[in-house]
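**Q** Got a structure for you, questions after.
Just so it is clear, none of the values below were taken in a lab; they were calculated from the coordinates. What you see is a predicted model, and the numbers here were worked out from it, not measured in a lab. Backbone-built Cβ (ideal geometry, glycine too); neighbour counts: all protein chains shown.
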Amino acid sequence: MKIRYVHLNLLILLLPLINLLFPTLSLAQDYGDDAPKKDTPPPGLIHCNGVYMSYNSGDREKLYPRTNNVTAQAWSFKATAMIVNTGIEEVKGWQMFIGFHHREIIVSATGAVSTDGEFPYDASNGTTFIGSPNTDLKTSIETAGDYDKISTNIEITGTLFGGRGTATPLPKTIKLTNDGWECPAPTSKGGTMEVCCKRNPKFKAKDKAKTKFMPRKKGDLNIVYDVLQAYTSNYLAQVTIDNNSPLGRLDHWNLTWEWMRGEFIYTMRGAYAAEEKPSECLHSKAGQFYTDLDFSQVATCQKKPILKDLPAERKEDNITGKLPFCCKNGTLLPTIMDPSKSRAIFQLQVYKVPPDQNRTAFFPPQNWKIDGIVNPQYKCGPPIRVDATSFPDPSGLQATTYAVASWQVVCNITKPKPKAARCCVSYSAFYNDSAIPCNTCACGCGDIDTDTCNANARPLLLPPDTLLVPFDNRTLKARVWAKRKHMAVPKKLPCPDNCGISLNWHVNSDYTDGWSARVTLFNWGNNAVEDWFAAVDLGKAGLGYENVYSFNGTRLPPKNQTIFFQGLRGMNYLIGLTNGSNPAKDPQVPGKMQSVISFKKRNLGSLNIPGGDGFPKRVFFNGEECELPKYFPKKSYGERLSGIRFFPSILLVITTFLAITDRF
């Protein structure tokens, strides 16, 4: 027994030496809490061979104001969305759609940007996230399972309305919206929704040149952000804006974006910043880093600068001008009008701050917006990395140079919301002596005292010549006309349309083989409109377009149902309001231009001109879609008047016929 204890003591003494000599030898297994643990991936992720997506809802908190109306109560919420490439194919430019349906307002999101623009924004009908800066999802095979390269987590914070309890409701769906991918209905359990999307084997992509980054997309307005020169602390960028829409236009454009990493614009060529505040630079991170820089010479240090085109007289300026396609005072026309005015270019020297002090650190600005005066509203997507832009060699040699890096921003025209247009249309016709004016508050009633007028009332019918009179001078004529036509007049009269531009569409004639209309443009603003254009979509009736007599006109392909017209050379200037012949008593007169348009009916089947075929489906002025009246002039009323008007003539013909008959 004593020998056994000696051997045991000897073994204990030798254990450290054994561990030293044989470090891989394990005499026991440690089940302690200090052992490293790995997060167990969800079952859906393990079994997905494609693109796995999930949405995890967190708790929510009731916001002010508190209300007993459950559907009107606002809640703050947090959620996490995840997308992982579990397949064998790289996913370029991933796009994840989340089908929100509780009037959600997205306040912030990390790890991605939204195609709906700047935060906060309304996501009631769902929203699409794309990667930023991780725009592409590599495969696990080519990255050795690097989760930072094959996946993205999106931390979402927002507000929603309705629901009970503290749990955040799930969206209707989540899916990958990239071409060639299909997603089944997602599954939900507890506060998690997940789906596995796979390649559609029947999808055949169009033959395109292979690109390292996302292929360039088409849109109404195409903006490219090119890095031309790169240095450790700054780089030279060029912004190119192309108007690709036949109905798009910008006047005095304002372009704005948001710097995300403390950058600032040191110098500019071909454009300028609306505000220059050196104090903003001094108190920023840039001011702390660039201690020896003279910030009084800096173009702008604003996080969200507003950039404008230079006027034409600066085109040959050695410092700010001498760039192709620059300096047109912010005018971008359709190519059908003038190709030389459909593009704008400007350059900027961008300074960076730590930790981006290296030659390859480029982060384009986000949240792009562009607008103009009496122009369409554009909605811009986020910048997407594309293959470097090519340029002809500046020396004149037959060689091609490339940008260091390029991003594309696509902006598309949006349809204006009701009572938010910038122009409107009135209707009249030869068979009815009343004109239907523009809709009440067609261009909004934000600055109108609605206590004195009804913002939701139907506009009162008017005699056609009253359309030439400013709204403030129409009241008496409208009352007299209503009394004459035995129409009721409400105690609270309708509010004005508040539009700076209006168009009158008058059906001029209707006969067996054709018909005609007269269009009149009114400018109710103080400023003239140069190089104006208008477009009228007439549906099937537009195919019969024959000629416009006082404008230049053409049909727009591919449907050829929209008539595009503009002023003749030397007559493309729509003046503003002018004083009447006697300013003391006469109302102001709007600037106006008009022309008759003729149409054929041949090979178009049956056309009911008074029933609606003779009136526009959509009308545009300088690219802005105008609000249309909600009804057409009635033919029955005009026919009844015509019968009464021609009754004496008919009676005379009958009497003459009887007299001749009796004579013979």
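**Q** Could you pull out every residue, at least 5 positions away or on a different chain, whose amide H is within less than 5 Å of the one on G525? Hs are placed 1.01 Å off N in the peptide plane, and Pro or chain starts have none.
**A** Hits under the 5 Å cutoff: L577.
**Q** Here's something else I'd like to know. Using θ = phi - 60° and the Karplus curve 6.51 cos²θ - 1.76 cosθ + 1.60, what whole-Hz ³J(HN,Hα) does each residue of the range 291-304 get, with Gly and Pro shown as x?
**A** Those phi angles translate into 6, 9, 8, 7, 6, 5, 9, 6, 5, 6, 10, 5, 5, 10 Hz.
**Q** A follow-up question, please. If we restrict to alpha carbons, what Rg and Dmax does the range 43-199 come to, in Å?
**A** So, for the range 43-199, Rg and Dmax equal 16.0, 55 Å respectively.
**Q** Over the range 535-622, calculate the relative contact order: mean separation of alpha carbon pairs under 8 Å at least 6 apart, over the residue count, as a percent.
**A** Relative contact order of the range 535-622: 40 percent.
**Q** In square nanometres, what is one fourth of the surface area of the convex hull spanned by the alpha carbons of the range 269-321?
**A** Working: hull surface 16.1 nm².
Computed as one quarter of the Cα hull surface, the answer is 4.0 nm².
**Q** Now a separate question. Antiparallel DSSP bridges in the chain: what percent, to the nearest 5?
**A** 95
**Q** Hey, what's the Kirkwood Rh for the range 452-545 if you take every pair of different alpha carbons, in angstrom?
**A** 16.1
**Q** Pull up all non-local amide H partners of H101: gap of 5 or more, or a different chain, and H-to-H distance under 5 Å with H placed in the peptide plane.
**A** Counting only residues 5 or more places away or on other chains, the set is K172.
**Q** Can you tell me the relative contact order of the range 43-199? Whole percent, Cα pairs under 8 Å, sequence separation 6 or more.
**A** 33
**Q** First select every other residue whose beta carbon is under 12 angstrom from the beta carbon of T152; then total the charges, Lys and Arg +1, Asp and Glu -1.
**A** Every neighbour counted, the sum reads -1.
**Q** Let a ≥ b ≥ c be the square roots of the eigenvalues of the Cα gyration tensor of the range 488-534; is it rounded (a/c under 1.5), or, if not, prolate (a/b larger than b/c) or oblate?
**A** The shape class here is oblate.
**Q** Moving to a separate point now. Nearest 500 deg cm²/dmol is fine: what mean residue ellipticity at 222 nm does the chain get from its DSSP H runs of n ≥ 4 alone, each adding -39,500 (n - 2.57), divided by its residue count? Mind showing how you got there, number by number?
**A** Details: 9 runs with 80 residues, N = 664.
It comes out at -3500 deg cm²/dmol, rounded to the nearest 500.
**Q** Under a crude label model (7 Å from the Cα following the beta-carbon direction), how far is N68 from V596 in nanometres?
**A** Placing both labels 7 Å along Cα→Cβ, they lie 6.8 nm apart.
**Q** Taking only the C-alpha atoms, wrap a convex hull around the range 221-414 and report its volume per residue in Å³ as a whole number. Walk me through the numbers on the way to the answer.
**A** Numbers: hull volume 25.4 nm³, N = 194.
Per-residue hull volume (Cα only) is 131 Å³.
**Q** Using the C-alpha atoms of the range 380-452, what convex hull volume per residue, in cubic angstrom, is computed?
**A** Taking the convex hull of the Cα positions in the range 380-452, it is 240 Å³ per residue.
**Q** Given an 8 Å cut-off on Cα distances and at least 6 residues of separation, report the relative contact order of the chain as a percent.
**A** Relative contact order comes out at 10 percent.
**Q** How big is the dipole moment of the range 474-526 about its Cα centre under a simple scheme where the beta carbon of each Lys and Arg is +1, that of each Asp and Glu is -1, and everything else is neutral? Debye, nearest 20, please.
**A** That gives a dipole near 620 debye.
**Q** Using just the C-alpha positions of the range 37-105 as equal point scatterers, what log10 of I(q)/I(0) does the Debye formula give at each q in 0.14, 0.24 1/Å?
**A** The Debye formula, applied to the Cα set alone, gives -0.64, -1.14.
**Q** Cross-link partners among lysines for K635, C-alpha distance below 16 Å, same-chain residues fewer than 8 apart left out?
**A** Of all the lysines, those that pass the test against K635 - Cα under 16 Å, at least 8 places apart if same chain - are K485.
**Q** If I take R0 = 51 Å and measure r between the Cβ atoms of M571 and K483 in this structure, what FRET efficiency does the formula 1/(1 + (r/R0)^6) give, to the nearest 0.05?
**A** Values: r = 40 Å, r/R0 = 0.79.
Efficiency for this residue pair is about 0.80.
**Q** Divide, for the range 320-411, the radius of gyration over alpha carbons by 2.2 N^0.38 Å, where N is the residue count.
**A** In units of the globular-protein estimate, the range 320-411 measures up at 1.32.
**Q** Can you give the angle from 0 to 90° between the axis of helix 475-484 and the longest principal axis of the chain, with both taken from C-alpha atoms, to the nearest 10?
**A** 60
**Q** Fully extended, how many nm does the chain gain between L293 and T335 (0.36 nm per residue separation, minus their Cα-Cα distance)?
**A** Working: separation 42, 0.36 × 42 = 15.12 nm, distance 4.30 nm.
Length gained between L293 and T335: 10.8 nm.
**Q** Across the range 589-603, in residue order, what do the Karplus-derived ³J(HN,Hα) couplings come to in whole Hz, using 6.51 cos²θ - 1.76 cosθ + 1.60 with θ = phi - 60° and x for Gly and Pro?
**A** These are the phi-based 3J(HN,Hα) values: 10, x, x, 8, 9, 8, 7, 8, 10, 10, 9, 9, 10, 4, 6 Hz.
**Q** Exposure proxy check: H47, H486, H252 ranked by fewest other beta carbons within 10 Å?
**A** Sorted ascending by nearby Cβ count, the order is H486, H47, H252.
**Q** Which distance in nm do the two modelled labels at S279 and K417 give, with both placed 7 Å along the Cα-to-Cβ direction?
**A** According to this spin-label approximation, the distance is 3.5 nm.
**Q** Compactness ratio of the range 423-633: Cα Rg over 2.2 N^0.38 Å, N = residue count? Spell out each step's value before the answer.
**A** Values: Rg = 17.5 Å, N = 211, 2.2 N^0.38 = 16.8 Å.
In units of the globular-protein estimate, the range 423-633 measures up at 1.04.
**Q** Semi-axes of the equivalent ellipsoid of the range 62-147: what are they in whole Å, largest first, if each equals the square root of 5 times a C-alpha gyration tensor eigenvalue?
**A** The three semi-axes for the range 62-147 are 33, 12, 11 Å.
**Q** Given bins 5 angstrom wide, list per bin the percent of all Cα-Cα distances in the range 227-299, short to long.
**A** The calculated distribution, bin by bin, is 3, 10, 21, 23, 18, 11, 7, 4, 2, 1.
**Q** Among A74, G58, M96, flag the residue with its Cα farthest along the positive direction of the charge dipole of the range 58-112, charges on Cβ as +1 for Lys/Arg and -1 for Asp/Glu.
**A** A74
**Q** To the nearest 20 Debye, how big is the dipole of the chain about its Cα centre, given +1 on the beta carbon of each Lys and Arg and -1 on that of each Asp and Glu?
**A** 2100
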